[in-house]
Amino acid sequence: MTRAHDAAVLSRLREIRGLSELVFDGEPKGTKQPDGTVLRPSRYVNVHSNRGIGRPDRLAQATGGRKRKTYWIHSVGASKQHADAVAEAVIAALEGWSPAVDGFSCERLSHETSQPTQKEETSKPAIFFAVDVFDLYTTPLDPTL
Amino acid sequence: MSDDFHRLAHDLGSVAQLPVVGSYVAAAVERTALEVKDGWNGKLFADGHAKLTGRAITYDMVGAGLSAEVGAKRGSGKQAGVVRLLENGSVQNAPHGYGAAALAEREANFESRVESAAVLALRRAGLL
């Protein structure tokens, strides 16, 4: 069930102008070089998520099956400015947005954590990345699911 | 921190204006912070890549003790710097979310403690 939510989030991010081919589901794709290394795009978004944990809403008298899914979004760029721009586009796309997933009532995504942009020295060439964490609460319309 | 925790913290902020309630809530916050700290440290130790974090995770009570900050303190443990990398991941590594998991595991206990704190405070005030 959680993959449907992931697909909705990935689809939303792929609507960002200029990033339609540069949003990855946990494993960035690149071009293999003659020396065996993989050259990744100079900017991209990589999405990690968990499978969701049960989290009843204490204020709504514990509706059945409500889960919290967490998304860690890595926004990568060739420079700090690139990474920041990608991260800002990601935040604009996701914050307060509610996915439409068949069979589920999804609440609005909340922006829980924003980690400062950092330089990744181990990549050649060095790249920059920012991490933003979003929570999504979702409840199956059929509580037996 | 989850959305539920934000809402709960907001509610607690209102309730804790009453001094008799505040001390009980502070005790619930501190005990939960201690558990989250221990849980996070435990997960780091169980991770093969972070055994040298030692006791890197610490907690500080903030304000009047009605909120707590739990996290890696610079200089505490040989791998304190690795904690953030493990928590949120990097270009080369997926996030592990140990801190978030440690917090989630204690949410129910925390809510239960706050309920107990409210009952104790009401009894002490002669309202129950």
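Neighbouring Cβ atoms from other chains, within 10 Å of the Cβ of residues in B:25-36, number 0 on average.
Under the 0.36 nm per residue contour assumption, what length would be gained going from the current alpha-carbon distance of A:S42 and A:S11 to full extension?
On the way: separation 31, 0.36 × 31 = 11.16 nm, distance 2.07 nm.
Extra length from A:S42 to A:S11 when fully extended: 9.1 nm.
For chain A, the longest principal axis of the Cα atoms and the long axis of helix A:2-14 meet at an angle of about 50 degrees. Among the residues of B:97-108, the average count of other protein chain beta-carbon atoms within 10 Å of the residue beta-carbon is 3.
Placing unit charges on the Cβ atoms only, positive for Lys and Arg and negative for Asp and Glu, gives the range B:87-128 a dipole magnitude near 300 debye about its Cα centre.
By how many degrees, between 0 and 90 and to the nearest 10, does the Cα long axis of helix A:80-94 differ from the longest principal axis of chain A? Here the helix axis deviates by roughly 20 degrees.
Accessible area of chain A with a 1.4 Å probe: how many percent of it is carbon plus sulfur? Intermediate values should be presented prior to the final figure.
Numbers: 3860 of 7610 Å².
Here carbon and sulfur together make up 51 percent of the probe-accessible area.
Summary of packing: across the peptides A:98-106, A:119-127, the per-residue average of other C-beta atoms within 10 Å ranks them, highest first, as A:98-106, A:119-127.
Of the residues A:P125, A:Y137, A:T113, the one whose Cα sits farthest toward the positive end of the charge dipole of the range A:106-145, with +1 on the Cβ of Lys and Arg and -1 on the Cβ of Asp and Glu, is A:P125. The residues of the protein assembly as shown present an accessible area of 53 Å² per residue when probed at 1.4 Å with all protein chains retained.
Between the amide H of A:S105 and those of A:T139, A:L141, distances stay under 5 Å, these residues lying 5 or more places away or on another chain, with hydrogens modeled in the peptide plane. The distance between label points at B:A27 and A:E95 comes to 4.0 nm (points 7 Å beyond Cα on the Cα→Cβ vector).
Leaving ligands, DNA and RNA out of it, rank B:V70, B:V114 by accessible area with a 1.4 Å probe, largest first. Intermediate results must be reported in sequence, preceding the final value.
Working: B:V70 50, B:V114 20 Å².
Descending order: B:V70, B:V114.
A Förster radius of 35 Å, combined with the Cβ-Cβ distance separating B:N93 from B:E115, puts the computed FRET efficiency at roughly 0.35. Surface burial for A against B, with a 1.4 Å probe and both sides summed, reaches about 1900 Å² of accessible area. The convex hull around the C-alpha trace of chain A, projected and averaged over every direction, spans 9.5 square nanometres.
The values are calculated or read from the model by the stated rules, or taken from the named source; none is laboratory data. Being a predicted model, the structure only gives us computed values, none of them experimental. Positions of Cβ are backbone-derived with ideal geometry, glycine not excepted, and every protein chain shown enters the neighbour counts. Side chains included, ligands, DNA and RNA excluded: accessible areas come from the protein's heavy atoms. Shrake-Rupley method; radii C 1.70, N 1.55, O 1.52, S 1.80 Å.
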